[in-house]
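Let me begin by presenting the structure, written as structure tokens, before commenting on it.
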Amino acid sequence: MPYIWLFIGCLGLILSIFGLYIPNIQYFDTNTVVWMSQHRFDIFNEIAVFLSYIGGLPSMLFICGIWCLKHYQTKNYVNIIVICSGLLGSAAIGWILKFWFNRPRPELIYQMVETYGASFPSAHSIYAATFSCLIMLIYRQHVQVKLIMFFACLWFIVMGFSRVYLAAHFPSDVLAGWSIAFIWIAVLWLIFSQFVQGNNKLFLEKNLNEVE
């Protein structure tokens, strides 16, 4: 799975960056925002605005903090490190890219929520995809793994679409946000899997030496 995430993430990030300079993709971005702003419904408006509030960094930090406390109680310290590294690392990458590209947001007349910072990439999409990938990573051996993966994917997809629906971001911003999360969590997965394997190898070698 980490290699699949890495491949999809790299492909999506390259495509979204190219979209900043390719007129046809820019045209698609703009028209999508305009079309969605013209086809809004009250129930969807309320859902999208709610997602905007709970999908921000403060809320995600709070949720992940509670999640880390749960793992602390069971002494799963590696999971705590992975969760903290995943969320904070992806957030840092996202905001660095925001300052680097400094892409303007969609026009204010279409926006339904207050926005901060540049448009590219979508920070909400980064947080949502990071959280979803962390869930799939940590609970990959759970008995209900398929159901967990379904709701995890549904979460970041719905969050991404809500950002375009609210005219807070262009579609390519959302794609970039998802891609950053995929790449970062895939890299963490590979790093920590090597770390765990290395520790297991040392543990086994130590036991064998003691037996000898």
(request) Taking the residues in segment 68-119 that are surrounded by 12 or more Cβ atoms within 10 Å (Cβ to Cβ), among the polar types (S, T, N, Q) and more than 30 Å from residue 38 (Cβ to Cβ) as candidates, determine which candidate is farthest from the chain's Cα centre (by Cα). (result) 76
(request) Mind telling me which of the residues 53, 77 ends up being under 23 Å from residue 140 (Cα atoms), at pLDDT below 95 and hydroxyl-bearing (Ser, Thr, Tyr)? (result) 77
(request) Output the number of the condition that residue 100 fails; it satisfies all remaining conditions of (1) out of contact with any Asp or Glu (no Cβ under 9 Å at 6 or more places or on another chain); (2) in contact (Cβ under 8 Å) with a residue 12 or more places away in the chain; (3) of a type in the set (A, V, I, L, M, F, W, C). (result) (2)
(request) Find all pairs meeting these conditions: Cβ atoms under 8 angstrom apart; at least six residues apart or on different chains; first residue within segment 16-40 and among the acidic types (Asp, Glu); second residue part of a loop (DSSP other than H, G, I, E, B) and surrounded by 13 or more Cβ atoms within 10 Å (Cβ to Cβ). (result) 29/170
(message) Restricting to segment 156-212, and then to whatever is modelled with pLDDT of 80 or more and not in a helix (DSSP H, G or I), can you tell me which residue is farthest from residue 14 (Cα to Cα)?
(response) 166
(request) Look through segment 1-51, keep the residues that are of a type in the set (Phe, Trp, Tyr) and within 20 Å of residue 90 (Cβ to Cβ), and return whichever of them is surrounded by the most Cβ atoms within 10 Å (Cβ to Cβ). (result) 5
(request) Examine segment 52-60 for a residue that is over 30 Å from residue 39 (Cβ atoms) and exposed (fewer than 11 other Cβ atoms within 10 Å of the Cβ), and state whether such a residue exists. (result) yes
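Listed here are the residues, each with its yes/no results for (1) of a type outside the set (A, V, I, L, M); (2) touching a residue at least 12 places away in the same chain (Cβ under 8 Å); (3) in a loop (DSSP other than H, G, I, E, B).
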residue	(1), (2), (3)
89	yes, yes, no
95	yes, yes, no
114	yes, no, yes
117	yes, yes, yes
137	no, yes, no
143	no, no, yes
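The values are calculated or read from the model by the stated rules, or taken from the named source; none is laboratory data. Because the structure is predicted, anything quoted here is derived from the model rather than measured. Note: ideal-geometry Cβ built from the backbone for every residue, glycine included; neighbour counts use all protein chains shown.
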